[in-house]
Structures are given as structure tokens and as C-alpha cells.
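Below are the C-alpha cells for one structure; questions will follow.
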Amino acid sequence: MSDRVEFARMNGLGNKILVVDMRGRTDRVTPAAAIALAADPATAFDQIMAIHDPRVDGTDAYIDILNCDGSKAQACGNGTRCVVQALAAETGRKSFTFQAIAGILNAVEHQDGTISVDMGKPVFAWDKIPLSEEFYDTSRIELQIGPIDAPILHSPSAMSMGNPHAVFWVDRDPMTYDLERFGPLLENHPIFPEKANITLAQVTSKTSMVTRTWERGAGLTLACGSAACAAGVSAARTGRTERKLTITVASSPNRGTLTIDWRADDKVVMTGPAEWEWSGTVDPVTGSWQRDVSADAEAATL
């Protein structure tokens, strides 16, 4: 078995993704390799999407997802779009079915290049999110940052999109909040036994909002697809918006947008772009990597 496998540096609205081809192998990308890749500025990422041979009938691949700290993630919507774009370019197909820890994900690439991912059904039960305390209504839980009489953030909506989320409602641009300071405290709060993704959401109309996310296991991120889904569902659930809306991701380059549709069948479909940057080979055990020379040469002639 070769020491190296092919990988691609991609992004989904700026969410930095490494798509690693582990098909035909029995090993996996190690936490040590993920940490080494994250530490290198050239390969720094939010998530690794490792494509493995399918484990169940009716699926095209099993996706193993790693955060930049080496921990596993149950789901990554922006990363899934990158996987779809990579496999569509390889096979000419437009629709795919994947398995991940969060469950089965169906995805399709459209004619305009955007990609829709069925992110599954949201989960609201406190012990399934999970939370460490019982809340009858998780659309508003007791949690705040700042003085008791004048909290900076408070009363988030909690839910799971295959991974735990807390959405704090804010009345101004999320970029004006010091999420870099509050994020680690909230991610690791005892109320979240498996930690949580922390999102600031500003509702701007019945069909639009602006978000920014501190991602569990990754920190400040330019974009987070499952967090956008959680924000969209939570906004509709609390009557702030309709069930289909456009989310502007404040931290993404050019404040890119995602469409979130919480359908009547309870499934959440996210639609947005993916972008290929460059490719290379990597050792999935150590994280040692090399960029494709042919890709560099081609880019230099453009």
C-alpha cells in the first residue's frame, strides 16, 4: 500500500476543506496527520473530508470527517459540497449518496454549479442534542455571556444537525461581536457535554439573515454549513423567519450566501457553492504532503 494518497484543497464559501481520497484503503487519516496539516499555513483547514469505500448498500462513499484539532465531526455541509464537486468532476455524475457519522446524506450538483445537500432532520430533544440539563423547550435555553443584568449574548436556541449547535440572536452585524473571545467559553460550557458549534445570527427579514460561527473543534471559521442550517431552522422554529431563507455568511469572502430550506417533510436542504483550489498527495498517517507540479505549471500558464 502506497504511503501517499491524492487530496485536493477546496473551499465552501471560504470554509477551508481538504478532500482526501482514501478509497481502496483500509486505514484512515490519523488525528496526528490532521494536526500536522492544520499547522502548515499552506494546508490549514477547517475540516478534512476523507472519502472511503461505501460501508452500506445504496451509498457511493463513506465520509470520515476530521476537525483541525484531530477530533471527529459528525457532519459538514460545506465539506460535503466540496466532495460532490470533486466526484462530479471525476465521474461526470450529478447526484450522490454518502454515509457519515450523522447518517445518510443525499446531494446533487445543479447546472449553475451550485450544490444542494440534504442535511437530514433537525433534532430538538435536550438529551439528543445533547445538553447536560433538561430543557422542555430548547428553542430558548438559559445561557449567557456578560453581566447578569446586561448580558452580551443570552438565551440561545439549541438543536442538533447531526452535531450540537447553539444559535444566539443578535441585533447587529455578527462581525462586531468578539466571538474569538466568547467562542471557546461557549463551545466548552458544561451545558454541552459534547461541546457545541456557536453561531451569532442577525435576522434581517422574514427570508434572510446574517451569521457568523465559532466551530466546534475548529474555532473561528469563514463558514459552517451545518451551523447555517441550524440558524435557519431555529429562526423558523421561533417565528423569526419563514422556512426557506437566504443566509449571508458574514465571515466568508465577499459575504457569500447559502439557501436553507426546511422542507415540509422535516428535512433541511442547503444549497451553495464549492471551489477547487489545488491538488497534491499526502501521507494519511503523518500528514506529510506535496503539491502537484503539473497543477502549478498549468496555473502559471493561465
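The values are calculated or read from the model by the stated rules, or taken from the named source; none is laboratory data. All values derive from a computational prediction rather than experimental measurement. Heads up, the Cβs are rebuilt from the backbone with ideal geometry, glycines too, and the neighbour counts pull from every protein chain shown. Heads up: the accessible areas ignore ligands, DNA and RNA and are worked out on the full protein's heavy atoms, side chains in. Shrake-Rupley method; radii C 1.70, N 1.55, O 1.52, S 1.80 Å.
So, with a 1.4 angstrom probe, what is the percent of accessible area on segment 177-273 that is carbon and sulfur?
Numbers: 1750 of 3560 Å².
Summing carbon and sulfur atoms, their accessible area is 49 percent of the total for segment 177-273.
Quick check on my link table: of LYS128/LYS195; LYS244/LYS267; LYS16/LYS244; LYS206/LYS244; LYS16/LYS72; LYS72/LYS195, which ones sit more than 18 Å apart, alpha carbon to alpha carbon? It would help to have the intermediate numbers written out before the result.
Details: LYS128/LYS195 13 Å; LYS244/LYS267 12 Å; LYS16/LYS244 26 Å; LYS206/LYS244 9 Å; LYS16/LYS72 16 Å; LYS72/LYS195 12 Å.
Over 18 Å Cα-Cα: LYS16/LYS244.
Under 14 Å from the Cβ of THR221, count the other residues' Cβ atoms, weight Lys and Arg +1, Asp and Glu -1, and hand me the total.
On the way: positive: LYS16, ARG212, ARG216; negative: ASP46, ASP69, GLU180, GLU187, GLU215.
Counting the neighbours of THR221, the net charge comes to -2.
Can you give the helix-only mean residue ellipticity at 222 nm for the chain, where every DSSP H stretch with n ≥ 4 adds -39500 (n - 2.57) and the sum goes over all residues, rounded to the nearest 500 deg cm²/dmol? Provide the component values of the computation, followed by the final result.
Details: 5 runs with 55 residues, N = 302.
Rounded to the nearest 500, the figure is -5500 deg cm²/dmol.
Mean Kyte-Doolittle hydropathy of 1.0 or higher plus an axial Cα length of 24 Å or more: which whole DSSP H helices in the chain meet both?
none
First compute the accessible area of segment 105-162 with a 1.4 Å probe, then give the percent of it belonging to carbon and sulfur atoms. Please list the in-between numbers first.
Details: 1520 of 3080 Å².
Here it works out to 50 percent.
While we're looking at this one, here's another question. Pull up the DSSP beta bridges for segment 137-270 and report the antiparallel fraction as a percent, rounded to 5. The partial results should precede the final answer.
Numbers: 23 of 32 bridges.
Looking only at bridges with both residues in segment 137-270, the antiparallel portion is about 70 percent.
With a Förster radius of 41 Å, plug the Cβ-Cβ distance of LYS244 and ARG28 into 1/(1 + (r/R0)^6) and report the FRET value to the nearest 0.05.
Values: r = 37 Å, r/R0 = 0.90.
The value I calculate is 0.65.
Here's something else I'd like to know. HIS110 to SER71: extension gain in nm, 0.36 nm per residue of separation minus the Cα-Cα distance? Don't jump to the answer; show the numbers that get you there.
Working: separation 39, 0.36 × 39 = 14.04 nm, distance 3.19 nm.
The span from HIS110 to SER71 would gain 10.9 nm if fully extended.
Around GLU180, with a cut-off of 14 angstrom between Cβ atoms, what is the net charge of the other residues, counting Lys and Arg +1 and Asp and Glu -1?
On the way: positive: ARG181, ARG212; negative: ASP178, GLU187, GLU215.
Residues near GLU180 contribute -1 overall.
Turning to a different aspect of this structure: Which of the peptides 267-277, 153-163, 174-184 is most tightly packed, and how do the rest follow, going by the mean number of other Cβ atoms within 10 Å of each residue?
Details: 267-277: 19.5, 153-163: 22.8, 174-184: 15.5.
Averaged packing, sorted descending, gives the order 153-163, 267-277, 174-184.
Taking a probe of 1.4 Å, how large is the accessible area per residue of segment 207-279, in Å²?
On the way: 2550 Å² over 73 residues.
That works out to 35 Å² for each residue.
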